[in-house]
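Accompanying notes for the structure given below.
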Amino acid sequence: MSDYKLAINGQNVDGDMVLDVVNPATGDVFAQVARASVAQANSAVAAAKAAFPSWSRTPIAERKKILASFADKLNARAEEIARVMTQEQGKPLAESQFEVSYTEAFIRHFAGMDIASYVVQDDEAFHVEVRRKALGVVAAITPWNFPILIPGFKLAMATLAGNTVILKPSPTTPICGLILGEICNEVFPAGVVNVIVDDNDLGAVLSEHPDVAKVSFTGSVETGKRVMASASSTLKRLTLELGGNDAGIILPDVDVKETAKKIFAAAFMNCGQVCLAVKRAYVPDSIYDEMCDELAKLADAAIVDDGLKQGAEIGPLQNKAQYEKVLGFLESAKKDGTIIAGGEQVDRPGYFLRPTIVRDVAEGTRIVDEEQFGPILPVIRYKDGEDIVARVNQSQFGLGGSVWSADKDKAIELAGEMESGTVWVNQHLYFAPHIPFAGAKNSGIGIEFAEEGLAEFTQIQVINVAN
Ligand code: NAD
């Protein structure tokens, strides 16, 4: 018997298999959840397909009401979800609590949106109206870094637009997704939202499935490319939100202490496992040593502990594979630069690594060119006055970026030159449901949030009438 069940066709059901869930703060299994077979994945798709005609015809006002009660039920279980999130994901409890409340805010925002038709021509000859129709069954495939937020906003956007959904959360953080499934079974008609758990073996089943109309995927560039390839045979619609290697460009005129604090927070939140984290800091000669010292001080002072412990500021890495990958980055960073804070594993069970600052490092090294997705920040030197944006833009990634300066106009000008979907000025990380979010270059295809993101869950239909 598993502790959490799948959601298929409105029922909470056992899986044909069971999956162990590890607490990254201890390395021990703390729960067992239902794991779906290929046959169960297929029956989830069949349930979603069967539910589509009725759900897509349900008036949007009714769908909005259901989404609002989805948000209410999430709110009612907020504390339970936050605790279990910290156990399965590792982040400090306060970050989990924030994630649950932010998810609720996203759902409520989408519950307040409309999908309106509009007229583009109306004269003696023609009346031409543009409508937006639901696509069909959407597969939402999600990563382990935000296990409630990413599934929550994908479910909300997809269902508001009239689609039915199969959510497949990451196998290392399945519980949050399964709790969403329990809640969905209480509020949506049977089959509208289905949640299945795999062991990295069902994503491809969904992205190849002829009855899936769209894949909304968030994850790594590598897997995103695989999803795109397997979706091509049935020409599925795709949204790919992929990895990032965000640069923070710091100009010489900043307040070093204040900026260091903000850069540190944006680099080490969720143990650096944020697609939009600052993953490279570019600092000019004139303040390079001072900025490195400030960042190192913050890293030395950070409290690294089990996320359930009061006061923990940075938890463990989320899973063993990611931990080992990040240790590989650490080894190459030791050769390619100078470690001035952290750099050592914490002597305890679990996947802990102290926040690490690397200086005297440049492009052409793994820690600068690749996405580390962990608590290691390279600080890269540039010459005051150098065209630093050109260097930053050499990256294959283009998710986010930031420019930091006392001269806001100058910073906005540089921001416009960066090849990234989002560029912040004197901040990093703020995103919200009314702001479109999209990666440039290898960081993705398509848009999430706002009108633009919602539109991606629909298909245009033009009704063109002779007058
Ligand atoms: P991942 O690509 O390993 O896995 C993501 C999901 O894809 C999981 O559910 C996994 O089971 C599934 N999957 C695995 N193989 C598949 C296949 N062949 N077909 C379909 N699905 C398959 O990513 P991860 O390690 O879980 O997450 C970390 C990555 O996600 C980082 O690169 C990070 O930057 C990125 N990310 C991006 C955003 C964004 O919005 N751009 C947000 C969060 C995370």
*Roughly how many whole Å is it from the C-alpha centroid of segment 141-171 to that of segment 206-257?*
14 Å
*Give, rounded to the nearest 20 debye, the magnitude of the charge dipole that the chain has about its Cα centre when Lys and Arg contribute +1 at Cβ and Asp and Glu contribute -1 at Cβ.*
1100 debye
*Rh by Kirkwood over Cα pairs, then Stokes-Einstein D for segment 246-432 at 0.890 mPa s and 25 °C, µm²/s*: 150 µm²/s
*For every helix of n ≥ 4 consecutive DSSP H residues, a contribution of -39,500 (n - 2.57) applies; sum these over the chain, divide by its total residues, and give [θ] at 222 nm rounded to the nearest 500 deg cm²/dmol.*
-12000 deg cm²/dmol
_Relative contact order (%) - criterion: Cα under 8 Å, at least six apart; region: the chain_ = 18 percent
*Can you pull the percent of the chain's accessible area that's carbon plus sulfur, 1.4 Å probe, other chains left in place?*
52 percent
*Quick one, what does Rg over Rh come out to for the chain if you take C-alpha atoms and the Kirkwood Rh?*
0.99
*How large are Rg and Dmax for segment 229-285 when only the alpha carbon atoms are used, in Å?*
17.1, 53
*Determine, for each peptide in 176-185, 37-46, 127-136, 59-68, the mean count of other beta carbons within 10 angstrom over its residues, then list the peptides with the highest first.*
176-185, 37-46, 127-136, 59-68
*asked:* Give me the base-10 log of I(q)/I(0) for segment 66-122 at each q in 0.14, 0.22, 0.23 Å⁻¹, Debye formula, one uniform scatterer per Cα, rounded to two decimals.
replied: -0.47, -0.81, -0.85
*Once Lys and Arg get +1 and Asp and Glu get -1 on their Cβ, which of Ser402, Asn319, Ala301 lies farthest toward the positive end of the dipole of the chain?*
Asn319
*Subset of Lys262/Lys408; Lys154/Lys261; Lys5/Lys441; Lys261/Lys320 violating a 27 Å alpha-carbon distance limit*: Lys154/Lys261; Lys5/Lys441; Lys261/Lys320
*13 Å beta-carbon shell around Val187, net charge (K/R +1, D/E -1)*: +1
*Excluding same-chain residues fewer than 8 positions from Lys325, which lysines have a Cα within less than 21 Å of its Cα?*
Lys91, Lys225, Lys279, Lys334, Lys335
*Roughly how many Å² is the accessible area per residue of the chain, as a whole number, for a 1.4 Å probe?*
38 Å²
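The values are calculated or read from the model by the stated rules, or taken from the named source; none is laboratory data. What you are looking at is a predicted structure, and each value in this text was computed from that prediction instead of being measured. All Cβ positions, even for glycine, are placed from backbone atoms using ideal geometry, and neighbour counts span all protein chains on display. Each accessible area value is taken on the protein alone, full model and side chains, heavy atoms only, with ligands, DNA and RNA left out. Shrake-Rupley method; radii C 1.70, N 1.55, O 1.52, S 1.80 Å.
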